[in-house]
Amino acid sequence: MTSSLHSGDPLVVVDEVQLTLGSPAGPVNILRGISLEIAAGETVSLVGPSGSGKSSLMMVLGGLERPTAGRVRVDGHDLGHLGEDGLARLRRRAVGIVFQAFHLIPTMTALENVALPLELGGHRDAFAAAAQGLDAVGLGHRLDHYPAQLSGGEQQRVAIARAFIGRPMLLLADEPTGNLDGATGSLVIDCLFEQRARHGTALLLITHDQSLAERCERQIRLADGRIIDDRRTAPLRLGAARRAR
Amino acid sequence: MTPSAAWLYPFRLAHRELRGGLGGLRVFVACVVLGVAAIAGIGSLAASLAAGIAGDARALLGGDVEARLAYRPADPAEHALLARSGALSEITQLRAMARTPDGKRQSLIELKAVDAAYPLYGRVVLSQLQDLGAALGPRNGVFGALVAPAILDRLGVKLGETIKVGEAALQVRGTIVREPDAALSGLILGPRVIIAAAALPETRLIQPGALVSYDYRLRLAAGPDAASWIAAARAAFPRAGWQLRSFADAARPLQGLIGRLAQFLSLVGLTALLVGGVGIGNAVRGHIAAKTTTIATLKCLGGSTRLVFAVYLIELLALALLGIGAGAALGALLPLAVRPFLAGMLPASARLGLYQAPLAVAALYGLLTVLVFSLWPLAAIGRIPAGALFRDLVDRRRWPVPLAAATMTAALTAALAALVIATAQDRALAWWFVAGAIGAFVIFRAAGAAVVAGAGKLGRPRRPLLRLALANLYRPGAPTAQIMLSLGIGLTVMVAVALVEGNLAREIGGRLPAEAPAFFFIDIQPDQLAGFEEIVRGTLGARFDEVPMMRGRITRLNGVPVEQAAVMPDARWALRSDRGLTYAAGLPAGSRLVAGTWWSPDYHGLPLVSFDAGLAHGMGLKVGDSLTVNLLGREITARIANLRAIDWRRLGINFALVFAPGTLEGAPQTHLAAVYLPHAQQEALVRRVTGRFPNVSAIPVREALQAVGRVVGLIGAAVRLTALVALAAGALVLGGAIAASHRRRVYDAVVLKVLGATRRAILAGFLIEYGLLGLLAALIAGTLGSVAAVFVVVRLLRIDWVFLPGPLLATLGLAMLLTLGLGLAGTWRALGAKAAPYLRND
């Protein structure tokens, strides 16, 4: 699977997306007609109260949840046209995801966790690249440690290295510092922005932290499944992104 | 809280806990149900059969008592005693040949000539409703014959047509559906033919020395009971040489056989319960792990470890009782379910009813097994601190098991072993089982640990999914060792049973062409020997061995009546009825002298006898001791000159008792010939011999062995079926482990999908894991099962061991099918699971 993106096209296009999930109390409307675009290399923060639909929107963009209505295009591919395995291949190539709970595979070392996406893609130099990636997040000395042997901050940095190893076009980060203390959290965020800048990756960052949200060029506010505010906080630096790629 | 309320409190808490549903304890209940049902079922079936035999014992024997004489009918004095003791029925039994009138087709038959009083008990069921006496009586001067259905096929005759038995022509008037006294008639080599006693002289089969059994059955008149009558008869005619049996005596060997088979099957059933025990332990371990928060909360709120332990023990015991009840109920229904299948195979029908003893034993087995396997994991409750609520405790230290739990587990294991031994009919077998079970658990536990360690040492393969598969085998808390244990034991039993059965079948069927004779010809009269020899020598490629033969009963050992002599159980059979005997100048082929010396070929002196070394050992006899044999009412006491080790597997002629020349030559006798000849000549030879000598019978060795083989096959099928229950228990444990790891597998699958793995790749990884598990379990089970089979085949059955790859490969295939099948079923759902719920932040 290759990129179908034409020059000047936005990297992500979300068009009137709705998501309704069943619950014991009846259907719940999570997303109620979301439309937005994210340009390549753009950094966007997604803020809003709990239950406003932030994580659900991120899941939809990552192809981990299918919308009830509407269309989503990522890197030129309509997600609705892709099957389960097609979505997996798209993520392998173009989308990196960082979760609040890290989601590392407990039976694999840090190096193996990071190498995994490249290995799945059949890259021969997966381990060399993974070692570099871990070195870049300051964990070059922790290659053979298992997740249980790492601190929370270290685990999240492994997750960041893993998310960037495939040089994705888009990084989705769901409250990456939510499980970490303040100092560790800012270390991890610095690491994340540094990696993003190095690879020129577009970033969609879900956060409750307003100061963190303001480090992004654009801020989208969700409430009750709708976008209630979408404003630019810094000029778009598309050039940097493209140059990096 | 009042003392009674304090006592009840753990029960109330346990009740509240149970309201949450069974959760992971479903496997716990299933393992208990399966194991208890197997043991209760086998026990109930055995009890109902034993009751059936006891109830039908008179019909099985055909009377309250039976006096059986070989070669000769009762003399007038003996007959007078019989006749005045009650209602008397006289039956004559012998082997003979039935032929078509043109002599073209013939078959060995078990001929039974009955009088009008037959049967004293029970009833002969015929395919066509007719009176037995009328069916057998003369019509237009021709007597009737009732035949087993096989005769119609073998001779190609229909009802109403004529067959010849000896020199008599008989009209086939019906086929026998059920013969009440068939089971105790002795070894049945041919189909049954019943004729009227009045028709027997016409056959001219009763010749001097012919192998004829005269059976006198009595329905005793009111007065002495069966045992007293027998004692009186024995005292009245001490030298009659008759075999006297009461209905209870006669039923005993059959009940013993069923008892032994039931014990063997019960042990296999117990194996299923023990294998299920592993699943029980796993389920309890998983349950306690899942209840960490609840346990920590109870402790936070002031609950003592003892209280919490009591709560979960009560909960488990309640579920165990539920499982035991369901298992016992299923077991109690087994006789009802299998009765139709057994109807044709067994002489007596199962007597349905609720047999409490086997159900109680099964319940006790179930309860002890639950406790043995539950206490150890339950002890983990003591290690869960109240602080587990506030810290995400992942305690990976290996804690020593508390002494109290270890001691209790050891005591309960000993109680379980004691129960196995106490309820066993064959204590030695029970001891072997206990030792074997403990050995198997130790070996498989060690093998499981070795596999876990080995998988860890294999390094880190470059292929990520292979790496994941290997890691899943040795990650902390992986159930690899338990799965190896449970699946491995079930598979070991399957392999051992299949290999033993295969070797036995090969021994019975496979060795035949090379070494065994094609036929034994019996009842050759001395004056027919020359003619018989002429026929055999005139047949291309035929040769024969021949010996004089008579039958007699061993009545005294060193002068002590056999009823009072101390004889080991494995030698008693030789004293129950008549034995064949012969005399010879030289050492018979297939024998090896192990004690004493062989007499000179021209020996003439006091009676000497050569005896089977194994039987002599069982009867406590040695060279120089004396043995008394009753031959046609005459007692002959001979000194044991030597002992022989006899290779019965050659299937040539051999006798346990061989007399020196000079003693038996004058006794009425016939000749027994073993004929070796190519298959193509067989039918023609039998036709020529029986055509010329209608009184001579041909016993086809292959068919006789096939009859034995069928019995072995039936027993093998029963054992295999029960072993399958053990394997099913192993599958349950595997299924339970897969279910327990379901959440982790879904998580692995979801994270792998997030990282771009396709479903095919993820599935391949899971299948590698299960394939490896199945392969390793099968390899170890194959090795252990083969070792067990070698032991049984070489040491217990004393036959040659041949490695048979077929059963091994079948087991390997079964193991792979089972693990891959269950693994696939378990992971399929994991593959299809939606990612989002697992990835959302709590």
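Quick notes on this one:
- Among residues of the range B:354-375, those that are farther than 25 Å from B:VAL401 by Cα and either small (Gly, Ala, Ser) or within 23 Å of the chain's Cα centre (by Cα) (or both), counted: 8
- Summed over the range A:52-74, the residues that are within 14 Å of chain B (Cβ to nearest Cβ) and either under 21 Å from A:THR201 (Cβ atoms) or under 13 Å from the mean Cα position of the chain (by Cα) (or both) give a count of 12.
- Test: residue in the range A:49-66 that is farther than 24 Å from A:LEU212 by Cα and in contact (Cβ under 8 Å) with a residue 40 or more places away in the chain: yes
- Sole exception among (1) exposed (fewer than 14 other Cβ atoms within 10 Å of the Cβ); (2) touching a residue at least 24 places away in the same chain (Cβ under 8 Å); (3) part of a helix (DSSP H, G or I) for B:MET408, by number: (1)
Okay, residues lined up against (1) of a type in the set (S, T, N, Q); (2) more than 22 Å from B:LEU839 (Cα to Cα); (3) within 9 Å of chain B (Cβ to nearest Cβ); (4) surrounded by fewer than 23 Cβ atoms within 10 Å (Cβ to Cβ):
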site: A:ALA39; (1), (2), (3), (4): no, yes, no, yes
site: A:SER50; (1), (2), (3), (4): yes, no, no, yes
site: A:PRO117; (1), (2), (3), (4): no, no, yes, no
site: A:TYR146; (1), (2), (3), (4): no, no, no, yes
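- Residue check, A:GLY153 under 18 Å from the mean Cα position of the chain (by Cα) and under 28 Å from A:LEU212 (Cα atoms): yes
- Some residue of the range B:807-816 being farther than 30 Å from B:ALA38 by Cα, of a type outside the set (S, T, N, Q) and out of contact with any strand residue (DSSP E or B) (no Cβ under 9 Å at 6 or more places or on another chain): no
- Failed item in (1) touching a residue at least 40 places away in the same chain (Cβ under 8 Å); (2) under 18 Å from the mean Cα position of the chain (by Cα), with A:PRO106 passing the rest: (2)
- Exactly one residue out of B:ALA585, B:ALA571, B:ALA616 is surrounded by fewer than 17 Cβ atoms within 10 Å (Cβ to Cβ) and either touching a helix residue (DSSP H, G or I) at 6+ places or on another chain (Cβ under 9 Å) or not aromatic (Phe, Trp, Tyr) (or both): that is B:ALA585.
- Helices (runs of 4 or more DSSP H) enclosed by the range B:737-842 - at least 1 residues per element that are more than 9 Å from every other protein chain (Cβ to nearest Cβ) and in contact (Cβ under 8 Å) with a residue 40 or more places away in the chain: B:742-754, B:759-790, B:805-832
- Criterion (more than 28 Å from the chain's Cα centre (by Cα), surrounded by fewer than 20 Cβ atoms within 10 Å (Cβ to Cβ) and farther than 29 Å from B:ALA51 by Cβ) met by exactly one of B:LEU321, B:LEU307, B:LEU298, B:LEU316: B:LEU307
- Filtering the range B:502-521 to residues that are at pLDDT 75 or above, over 24 Å from B:LEU775 (Cβ atoms) and in a helix (DSSP H, G or I) leaves B:ASN503, B:LEU504, B:ALA505, B:ARG506.
- Hits in the range B:569-590 (condition: more than 30 Å from the chain's Cα centre (by Cα) and outside any loop (DSSP other than H, G, I, E, B)): B:LEU581, B:THR582, B:TYR583
- Residue check, B:GLN482 part of a loop (DSSP other than H, G, I, E, B), more than 14 Å from chain A (Cβ to nearest Cβ) and of a type in the set (S, T, N, Q): no
- In the range A:148-181, residue nearest to the other protein chains (Cβ to nearest Cβ) [restricted to those that are of a type in the set (Val, Ile, Thr) and assigned to a loop (DSSP other than H, G, I, E, B)]: A:ILE165
- A:HIS141, sole failed condition from (1) surrounded by 15 or more Cβ atoms within 10 Å (Cβ to Cβ); (2) more than 14 Å from chain B (Cβ to nearest Cβ): (1)
- If you go through the range A:182-213 and keep only what is of a type in the set (Val, Ile, Thr), within 14 Å of chain B (Cβ to nearest Cβ) and assigned to a loop (DSSP other than H, G, I, E, B), you end up with just A:THR207.
- One residue stands out in the range A:75-104 among those that are on the phi > 0 side of the Ramachandran plot and of a type outside the set (D, E, K, R): the one that is nearest to the other protein chains (Cβ to nearest Cβ), namely A:HIS103.
- A count restricted to the range A:99-111 and to residues that are surrounded by fewer than 24 Cβ atoms within 10 Å (Cβ to Cβ) and modelled with pLDDT of 90 or more stands at 1.
- Selection within the range B:450-471 - facing chain A (nearest Cβ under 9 Å) and part of a loop (DSSP other than H, G, I, E, B): B:ARG460, B:ARG462, B:ARG463
- Matching residues, the range B:442-475, being within 39 Å of the chain's Cα centre (by Cα) and touching a residue at least 12 places away in the same chain (Cβ under 8 Å): B:ILE443, B:PHE444, B:ARG445, B:ALA447, B:GLY448, B:ALA449, B:VAL451, B:VAL452, B:LEU473
- Residue in the range B:51-67 that is over 30 Å from B:GLY241 (Cα atoms) and aliphatic (A, V, I, L, M) present: yes
- Figure legend. Inter-residue proximity from the range B:476-495: first residues buried (at least 24 other Cβ atoms within 10 Å of the Cβ), second residues charged (D, E, K, R), beta-carbon distance below 6 Å, spacing 6+ or different chains. Indicated pairs: B:LEU485/B:ARG445.
- Check on B:ALA235, in contact (Cβ under 8 Å) with a residue 24 or more places away in the chain and surrounded by fewer than 18 Cβ atoms within 10 Å (Cβ to Cβ): no
- Some residue of the range B:423-430 being basic (Lys, Arg) and either part of a loop (DSSP other than H, G, I, E, B) or over 19 Å from B:LEU265 (Cα atoms) (or both): no
- Candidate set: the range B:631-649, residues that are surrounded by fewer than 16 Cβ atoms within 10 Å (Cβ to Cβ) and under 26 Å from B:ASN503 (Cα atoms); chosen: the one farthest from the chain's Cα centre (by Cα): B:ALA645
- Positions within the range B:665-692 being surrounded by fewer than 21 Cβ atoms within 10 Å (Cβ to Cβ), at pLDDT 85 or above and not basic (Lys, Arg), in sequence order: B:GLU665, B:TYR676
The values are calculated or read from the model by the stated rules, or taken from the named source; none is laboratory data. What you are looking at is a predicted structure, and each value in this text was computed from that prediction instead of being measured. Every residue, glycine as well, gets a Cβ built from its backbone with ideal geometry; the counts of neighbours run over all protein chains shown.
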